[in-house]
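J.: Handing you a structure now.
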Amino acid sequence: MFTRKLSLLCTLAMAATGPGIAQENSSESEPPRTVAELPERIGEYDERAPMQPPASSAQSVGDINPDNLEFGVGQPATDEQIARIDIDAMPDGRGLPPGQGTYAEGEEVYSQTCAACHGADLEGNKDIGAPKLIGGRGTLTDAKPVKTVESYWPYASTLFDYVHRAMPMNAPGSLSADEVYAVSAYVLGRADIISDDPDTTLDADTLAKVKMPNADGFVSDPRPDVGATK
Amino acid sequence: MPRNKRFSASRYGPTERHMAESLVEIERQMLAGAPDKEDCECKEGMFNGLTRRNMLAGGIALGGAAFTAGQATADAPPGAFEHRVQPDPTKEQGRTILDDGGYGSRSQFENEVRWRYPTASLDSSWSMTPLASGHGVITPSGLHFERHHAGIPAIDPKTHELILHGMVDEPMRFTMDDIKRLPAVSRICFIECSGNGLTEWDEPTLKTVQGTHGLTSTSEWTGVRLSTLLEMVGLSDGAAWILAEGADAAVLTRSVPIDKAMDDAIVAYAQNGEALRAEQGYPLRLLLPGYEGNTHIKWLRRLEVSDKPFMTREETSKYTDLMPDGMARQFSLEMEAKSVITFPSGAMKLPRPGFYEITGLAWSGRGKVTKVEVSTDGGATWREAALDGPVLPKCHTRFRIPWTWTGEEAVLQSRTVDETGYVQPTLPELVDVRGLNSVYHLNAIQSWHIAQDGEVTNVHA
């Protein structure tokens, strides 16, 4: 028994790699554990407790009878719950949120939240992997094509959608819908896709109507294009 | 020794460093006796009520054997602990069972690691599987390639939910527990990033097979068929696409044809018999067997059914294939048949002429591999390789063929055929049709040149 305990002790020492280990006094201010605890010991032989069957979140599991193989799991998602994470915008404007922003406001947003990475002239910064956002029109057949929002992207909705969900890289998802409309107006204005008049305004309606220069530049997958027969 | 010196950032990732530092700290406290803390009740669950006094006793009693592990972790390769190597392992007891805490690690003598392609951004980057040393078809979970667009989130499965909505009869949300209550399926299949090989179009660029082909890996994946979930919510008429969205900081999204979703898509929570690794999408990822890796959305939180594709950034700006006429192919989702010799491969040096088993991997996103041929003379003549069975559809398939290297120059190539009859093309055949700017989907025959001194190099032949 003694040796068993000893090896157990060593076991535990080796297992203890989490941040909590060196902290002996669990004070009130300690953040909640964010790691799993080892399975509990049970029974005469100190076995490790197995996982427990997962419990359904369903309010009711339906008829309990041997012929009913309904799963009885999951819950209806309410409109509100969906709205909280349903952030995508589609080319026809579906999903674009209410709000609006002007080129002038966008210039402000850009200089404050984007320029540090994408450059004052939207030229990008190779050293940090921030792509060039404008330019490159007419280069898609060149030896070195320049693919940007301006030259390559087929839909303005993608710009809104992507900036809204993933930019700025250092604080993703931090911009309001108004700010994203504004900065989209600025980028598209700088790209000469829409007017760069300071008052040019984008909202759900006008953004969906923007025709991108490369809108017709895509075809669906025609493969297999080589190697089909031998 | 100062921490930063002992666990230099250049050698150790933050996780390894943290792990190593924690272990050293434990050991330090033990050796110091930590008298003021001796009688504390250690953390519930972690120490099961044992006191530090007991622990200390254990440590001292066993001396070197148990604690060298902690002591020397910093010098062991990631995923390994340095254990004392006995001068004669037949003459003393080996280390104690469960001194690993109940979760094993690899041998301290094994050192394969993923290699990160040096993208400028660390947040949006990729790491590649060391295929050269791989065996069989399964990639160890810790060596599965990674592609992240915004780092690796740590997500508590207790709070994670998957919402299905859009063109469905009844939108639903599922907790992880809900998903685990549903009938499950396991299947072994590869995931390959369509950017695998993107450096190799123009000229041989990376030296190793890890660099040229390491964005493909195979695991056994377990989860719920996506069709099971879609049947629960009920698809509306006209449903044609489904948006999959991740809960990472890129909130990564891809549109998937509904036919694929209903066919063999899996919402996976396990990989190689245990929960997904965090970097593989813990707690939940989409698995679309045979489709390009980017569509297998990790940290899956939302599925929205629609009549049209969503045209996300990852299916317009990226993951589209620009052709010489300036048009770009979109939704090029299937990974076409491909193979590569993993041994011998780039940057190896054959020690001397003689027998070698040439081996490698073949796979197709359209089904099973039916044949692999190998050439040792740059494609002039071909011999059929043996395939390790069972050959699974949309899965890495291991091929092998014996070869005696005479010491003459040689060019090794492999070429696979899949069950649709598709033959893996040569690079000139691909470039002829697609030009040099399509970035993605390079599945051409790979050539390894063997020089007279045995040096193996990546060449275009």
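J.: Residue by residue through segment B:237-256, note down the ones that are within 12 Å of chain A (Cβ to nearest Cβ), open to solvent by 20 Å² or more (accessible area, probe 1.4 Å) and among the small types (Gly, Ala, Ser).
T.: Listed by number, the residues that qualify are B:Ala247, B:Ala249.
J.: May I pose another question? Identify the residue in segment B:208-235 that is of a type outside the set (A, V, I, L, M, F, W, C), open to solvent by 30 Å² or more (accessible area, probe 1.4 Å) and in contact with a helix residue (DSSP H, G or I) (Cβ under 8 Å, 6 or more places away or on another chain) and, among all such residues, is nearest to B:Leu284 (Cα to Cα). Spell out the reasoning first.
T.: Of segment B:208-235, the ones of a type outside the set (A, V, I, L, M, F, W, C) are B:208, B:210-214, B:216-220, B:222-223, B:225, B:227-228, B:231, B:234.
Restricting the remaining residues to those that are open to solvent by 30 Å² or more (accessible area, probe 1.4 Å) gives B:208, B:210, B:220, B:225, B:231.
Within this subset, residues satisfying the condition of being in contact with a helix residue (DSSP H, G or I) (Cβ under 8 Å, 6 or more places away or on another chain) are B:208, B:210.
Numbers: B:Thr208: 32, B:Gln210: 27 Å.
Within segment B:208-235, the match that is nearest to B:Leu284 (Cα to Cα) is B:Gln210.
So that you can scan it fast, the table gives a plain yes or no per residue for (1) open to solvent by 10 Å² or more (accessible area, probe 1.4 Å); (2) of a type outside the set (Phe, Trp, Tyr); (3) facing another protein chain (nearest Cβ under 10 Å):
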residue: A:Asp178; (1), (2), (3): yes, yes, no
residue: A:Tyr181; (1), (2), (3): no, no, no
residue: A:Ser184; (1), (2), (3): no, yes, no
residue: A:Arg190; (1), (2), (3): yes, yes, no
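J.: A further question on this structure: Among all residue pairs at least 6 apart or on different chains, which show Cβ distances below 7 Å where the first residue, located in segment A:217-230, is not assigned by TED's automatic domain parsing to the domain that holds A:Thr148 and the second is aromatic (Phe, Trp, Tyr) and modelled with pLDDT of 95 or more?
T.: A:Ser220/B:Phe331; A:Asp221/B:Phe331; A:Pro224/B:Tyr422; A:Gly227/B:Tyr422; A:Ala228/B:Tyr422
J.: Quick one: would you say B:Leu412 is modelled with pLDDT of 95 or more, under 30 Å from A:Tyr152 (Cβ atoms) and more than 9 Å from every other protein chain (Cβ to nearest Cβ)? Even if it seems obvious, please write down each step before you answer.
T.: Details: modelled with pLDDT of 95 or more: yes; under 30 Å from A:Tyr152 (Cβ atoms): no; more than 9 Å from every other protein chain (Cβ to nearest Cβ): yes.
So B:Leu412 fails the test.
J.: Still on this structure: Just to be sure I understand, how many residues within segment A:192-230 are among the hydroxyl-bearing types (Ser, Thr, Tyr), at the interface with another protein chain (Cβ under 8 Å from one of its Cβ atoms) and not in a loop (DSSP other than H, G, I, E, B)? Break it down into steps so the answer makes sense when it comes.
T.: Filtering segment A:192-230 for residues among the hydroxyl-bearing types (Ser, Thr, Tyr) gives A:195, A:200-201, A:206, A:220, A:229.
Next cut, at the interface with another protein chain (Cβ under 8 Å from one of its Cβ atoms) only: A:220, A:229.
Narrowing the set further to residues that are not in a loop (DSSP other than H, G, I, E, B) leaves A:220.
Total satisfying the criteria: 1.
J.: Another one. Determine, yes or no, whether B:Leu143 is without any contact (Cβ under 8 Å) to a residue 24 or more places away in the chain, surrounded by 15 or more Cβ atoms within 10 Å (Cβ to Cβ) and not aromatic (Phe, Trp, Tyr). Steps first, please.
T.: Working: without any contact (Cβ under 8 Å) to a residue 24 or more places away in the chain: no; surrounded by 15 or more Cβ atoms within 10 Å (Cβ to Cβ): yes; not aromatic (Phe, Trp, Tyr): yes.
Here the answer is no, as B:Leu143 does not meet what is asked.
J.: Looking only at segment A:186-196, decide whether some residue is basic (Lys, Arg) and within 21 Å of A:Pro97 (Cβ to Cβ).
T.: Checked against the condition, which is being basic (Lys, Arg) and within 21 Å of A:Pro97 (Cβ to Cβ), segment A:186-196 yields no hits at all.
J.: A further question follows. Among residues belonging to segment A:118-140 that are in contact with a Pro (Cβ under 7 Å, 6 or more places away or on another chain) and not small (Gly, Ala, Ser), point out the one that is farthest from B:Gly326 (Cα to Cα).
T.: Residue satisfying both the conditions and the ranking: A:Arg137.
J.: Another question about this same structure. Would you mind finding the one in B:Lys318, B:Lys298, B:Lys308 that is part of a loop (DSSP other than H, G, I, E, B), touching a residue at least 40 places away in the same chain (Cβ under 8 Å), within 14 Å of chain A (Cβ to nearest Cβ) and open to solvent by 10 Å² or more (accessible area, probe 1.4 Å)? Let's see the steps before the verdict.
T.: Values: B:Lys318 fails: touching a residue at least 40 places away in the same chain (Cβ under 8 Å); B:Lys298 fails: within 14 Å of chain A (Cβ to nearest Cβ).
Of B:Lys318, B:Lys298, B:Lys308, the one residue that is part of a loop (DSSP other than H, G, I, E, B), touching a residue at least 40 places away in the same chain (Cβ under 8 Å), within 14 Å of chain A (Cβ to nearest Cβ) and open to solvent by 10 Å² or more (accessible area, probe 1.4 Å) is B:Lys308.
J.: Would you mention how many residues in segment B:114-125 are more than 11 Å from B:Gly214 (Cβ to Cβ) and in a loop (DSSP other than H, G, I, E, B)?
T.: Result for segment B:114-125: 7.
J.: Considering only segment A:58-85, state which residues are surrounded by fewer than 19 Cβ atoms within 10 Å (Cβ to Cβ) and either modelled with pLDDT of 95 or more or assigned to a helix (DSSP H, G or I) (or both).
T.: Correct list: A:Gln75, A:Pro76, A:Thr78, A:Asp79, A:Glu80, A:Gln81, A:Ile82, A:Ala83, A:Arg84, A:Ile85.
J.: May I pose another question? Select from segment B:376-390 the residues that are part of a loop (DSSP other than H, G, I, E, B) and within 25 Å of the chain's Cα centre (by Cα) and list them in ascending order.
T.: Of segment B:376-390, the ones part of a loop (DSSP other than H, G, I, E, B) are B:376, B:378-382, B:385, B:388-390.
If the condition is that a residue be part of a loop (DSSP other than H, G, I, E, B) and within 25 Å of the chain's Cα centre (by Cα), then B:Asp388, B:Gly389, B:Pro390 are the ones that fit.
J.: Determine whether segment A:91-107 contains at least one residue that is away from chain B (no Cβ under 12 Å), of a type in the set (D, E, K, R) and within 25 Å of B:Trp126 (Cα to Cα).
T.: Within segment A:91-107 (the criterion being away from chain B (no Cβ under 12 Å), of a type in the set (D, E, K, R) and within 25 Å of B:Trp126 (Cα to Cα)), the answer is no, since none of the residues qualifies.
J.: Give me the pairs, please: first residue somewhere in segment A:127-146 and over 12 Å from B:Gly435 (Cβ atoms) and open to solvent by 90 Å² or more (accessible area, probe 1.4 Å), second residue anywhere and of a type in the set (A, V, I, L, M) and part of a loop (DSSP other than H, G, I, E, B), beta-carbon distance under 6 Å, and either six or more positions apart or on two chains.
T.: Final answer for the pair search is A:Asp127/B:Ala120.
J.: Here is a further query. Check whether at least one residue in segment A:179-202 is under 28 Å from B:Arg329 (Cβ atoms) and free of Cβ contacts under 8 Å to residues at least 12 places away in the same chain, and report yes or no.
T.: no
J.: With respect to A:Asp121, determine if the residue is open to solvent by 20 Å² or more (accessible area, probe 1.4 Å) and over 29 Å from B:Arg225 (Cα atoms). Give the steps one after another, and end with the answer.
T.: Details: open to solvent by 20 Å² or more (accessible area, probe 1.4 Å): yes; over 29 Å from B:Arg225 (Cα atoms): yes.
So A:Asp121 fits the description; yes.
J.: Quick check: anything in segment B:391-411 outside any strand (DSSP E or B), open to solvent by less than 20 Å² (accessible area, probe 1.4 Å) and under 21 Å from A:Val226 (Cα atoms)? Please lay out each step first, then the result.
T.: Narrowing segment B:391-411 to residues outside any strand (DSSP E or B): B:391-396, B:406-409.
Adding the requirement that they be open to solvent by less than 20 Å² (accessible area, probe 1.4 Å) leaves B:395-396, B:407.
Okay, now just the ones that are also under 21 Å from A:Val226 (Cα atoms), so none.
There is no residue in segment B:391-411 that is outside any strand (DSSP E or B), open to solvent by less than 20 Å² (accessible area, probe 1.4 Å) and under 21 Å from A:Val226 (Cα atoms).
J.: Let me ask something additional. Going through segment B:76-109 one residue at a time, which ones are open to solvent by less than 80 Å² (accessible area, probe 1.4 Å) and either aromatic (Phe, Trp, Tyr) or under 14 Å from B:Pro140 (Cβ atoms) (or both)?
T.: In the first step, residues of segment B:76-109 are kept if they are open to solvent by less than 80 Å² (accessible area, probe 1.4 Å); the result is B:76-83, B:86, B:88, B:92, B:94, B:96, B:99-102, B:104-108.
B:Pro77, B:Pro78, B:Gly79, B:Ala80, B:Phe81, B:Gly104, B:Ser105, B:Arg106, B:Ser107 - these are the residues of segment B:76-109 that are open to solvent by less than 80 Å² (accessible area, probe 1.4 Å) and either aromatic (Phe, Trp, Tyr) or under 14 Å from B:Pro140 (Cβ atoms) (or both).
The values are calculated or read from the model by the stated rules, or taken from the named source; none is laboratory data. Bear in mind the structure is a predicted one, so any value in this text is a computation, not a measurement. Glycine gets a Cβ as well: all are built from the backbone with ideal geometry, and neighbour counts include every protein chain shown. Areas reflect the complete protein model, heavy atoms only, side chains present, ligands, DNA and RNA absent. Shrake-Rupley method; radii C 1.70, N 1.55, O 1.52, S 1.80 Å.
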